[in-house]
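Data block below; observations after.
The values are calculated or read from the model by the stated rules, or taken from the named source; none is laboratory data. The structure presented is a predicted model; accordingly, all values stated were derived computationally and were not measured. In this analysis, Cβ positions are derived from the backbone assuming ideal geometry, glycine residues included, and neighbour counts consider all displayed protein chains. Remember, those area values only see protein heavy atoms, side chains included, never the ligands or the DNA or RNA. Shrake-Rupley method; radii C 1.70, N 1.55, O 1.52, S 1.80 Å.
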Amino acid sequence: MEIKLSAIDLKYVDNIPTYKEDKIRSKAYIAYGSDNKWPDYLYSLYRDVSTLNTLINGSADYTAGNGVQEDYIVNTSGVLLSELIRQIAFDRWLYGGFAIQVIKDQLGRLRELYYIPFNRIRSDENNTEFWYSKDWTTWSPKTIKYPAFDAEKDDPTSIFYFKGNTDQVYPICPFNGSITCCEVEKRINKFHLNEISNNFSGNVVINFNNGVPNEEQQAEIEKLVNAKFSGENNAGRVLISYNDSKDQEVTISKIAEDNLDERYKDLAERSRDQIFIAFRATPSLFGLATSTGFNAEEYQNQFKIYLRTVIKPIQNEIIRAIYKITGKEVIINQFNLF
C-alpha cells in the first residue's frame, strides 16, 4: 500500500507591526517604525492589554512619586513641574523616551516648558531637528519643525528629546521583549469575547433534514437561528423544533471541544508573567492578587528593590533632563507606603 503524508502549513502571525527606521521619500525625518506608525501601535497595546496598562500607569505613578520638594508652575497654562514629570514619566514607560518643548524669551532666558506627547514627534537622522504633528496617519500630515534644544543657543522654541542609551533615531520600547505576549493576552480576551457572543453557533451544528432550501431561504434561516440563540443574552435557551415526521427531525450535533479555555488560561497566565518580567516587576506591587495573598512586609521589600533597581534610574534620567533645561536640581518625593 502506498501511503502519502502531508503536513498542514503552520499559520504565522504576520499582521503585527514591525519596528524599523527608514527614510521617507522627499522627507527629512525618519519613519518611526513600519508605516511611521510604531508609537500608535504601542499605544494601542497599552489601551487594549490590561496587564500592560496596569504596569505602565503604576510605574509612571511610582516614578512621579509624591511630587517634588520645590514645586512651581512651568508654563502659562498653569502646569506644575510635578505634573510635567508625571506626563513624561508615562511616555518614558510606554515609548522609552519623552519630549519637552522649551520656550525662551527674547533675551534667551527660559520662559516655559510644555509636555509634548512622544508619539507626535518625528526626528531627523541625527536628532538635531524634529517635526511635530497631531496626526501622522494622514497622507500629508501638517507638521511644525523645531530645532533640538541647546542651552547655549537662544532659539525661541526648541525640543528637548530623550531617547535613552541607544544609537537608533528613536528609543527602544521598554517592554519590547514581551510585545508578542501582549498580543497573546489581547487575542485571548477577544477569543473569550467571541465565545460569549457566539456561544450557540461556535460549537454546535444544526442539521435540517427536510431538503436543501435556496440561498435566500438559507440566509433567512441562519438569521433567525443566530438572532434567537447566539449571543451572551441567549445562553441556556431551549430550542423547540416542529417536524412532520421522525425522519425529518432537526438534529443537533455538539462539536467536540479541545479544552481551549483551559489551554488559553495557562497561556494567559504565562503571557502575563512574561510582561511582568519585561518590567522586572511582581504583580503584588500593582495591586494584583497572588496565590500567597497580601503580605505588607513582603510588599515593602519588593517595593524597595523595584524602587532601587527600576524606578530610581528612570527618575534620575528625568531629573538630569530637567537640570539640563533649567539648571535647577529636582528632588522627587517618594511614596510613603504605610
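Could you pull out the residue among Ser50, Ser123 that is at pLDDT below 95 and either open to solvent by less than 10 Å² (accessible area, probe 1.4 Å) or among the polar types (S, T, N, Q) (or both)?
The match here is Ser50.
Quick one: how many residues across region 156-165 are part of a loop (DSSP other than H, G, I, E, B) and either in contact with a helix residue (DSSP H, G or I) (Cβ under 6 Å, 6 or more places away or on another chain) or modelled with pLDDT under 95 (or both)?
Total satisfying the criteria: 2.
Which of the following residues is among the small types (Gly, Ala, Ser), within 24 Å of the chain's Cα centre (by Cα), within 23 Å of Lys153 (Cβ to Cβ) and not in a loop (DSSP other than H, G, I, E, B): Ala99, Ala89?
Only one candidate passes the filter, namely Ala99.
Taking interchain pairs and intrachain pairs at least six residues apart, which have beta carbon atoms under 7 angstrom, with the first residue in region 58-76 and polar (S, T, N, Q) and the second open to solvent by 10 Å² or more (accessible area, probe 1.4 Å) and not in a helix (DSSP H, G or I)?
The qualifying pairs are Asn66/Asn333; Asn66/Gln334; Asn66/Phe335; Gln69/Ile331; Gln69/Asn333; Asn75/Glu112; Asn75/Tyr114; Thr76/Glu112.
I'm trying to understand the selection: among the residues of region 53-64, which are open to solvent by less than 10 Å² (accessible area, probe 1.4 Å), within 21 Å of Glu269 (Cα to Cα) and either of a type outside the set (Ser, Thr, Tyr) or not in a helix (DSSP H, G or I) (or both)?
Selection gives Leu55, Ile56.
Just to be sure before I move on: is Gln274 modelled with pLDDT under 90, farther than 30 Å from Ile159 by Cβ and out of contact with any Lys or Arg (no Cβ under 8 Å at 6 or more places or on another chain) in the structure I sent?
Working: modelled with pLDDT under 90: no; farther than 30 Å from Ile159 by Cβ: yes; out of contact with any Lys or Arg (no Cβ under 8 Å at 6 or more places or on another chain): yes.
For Gln274, the condition - modelled with pLDDT under 90, farther than 30 Å from Ile159 by Cβ and out of contact with any Lys or Arg (no Cβ under 8 Å at 6 or more places or on another chain) - is not met.
Going through region 17-47 one residue at a time, which ones are closer than 28 Å to Ile322 by Cα, open to solvent by less than 60 Å² (accessible area, probe 1.4 Å) and not in a loop (DSSP other than H, G, I, E, B)?
Answer for region 17-47, where residues must be closer than 28 Å to Ile322 by Cα, open to solvent by less than 60 Å² (accessible area, probe 1.4 Å) and not in a loop (DSSP other than H, G, I, E, B): Ile30, Trp38, Pro39, Asp40, Leu42, Tyr46.
Which members of region 157-175 meet the condition of being surrounded by 12 or more Cβ atoms within 10 Å (Cβ to Cβ) and closer than 18 Å to Ile322 by Cα?
Taking region 157-175 as the starting set, the residues that turn out to be surrounded by 12 or more Cβ atoms within 10 Å (Cβ to Cβ) are 157-164, 168-175.
Passing the criteria: Thr157, Ser158, Ile159, Phe160, Tyr161, Phe162, Lys163, Gly164.
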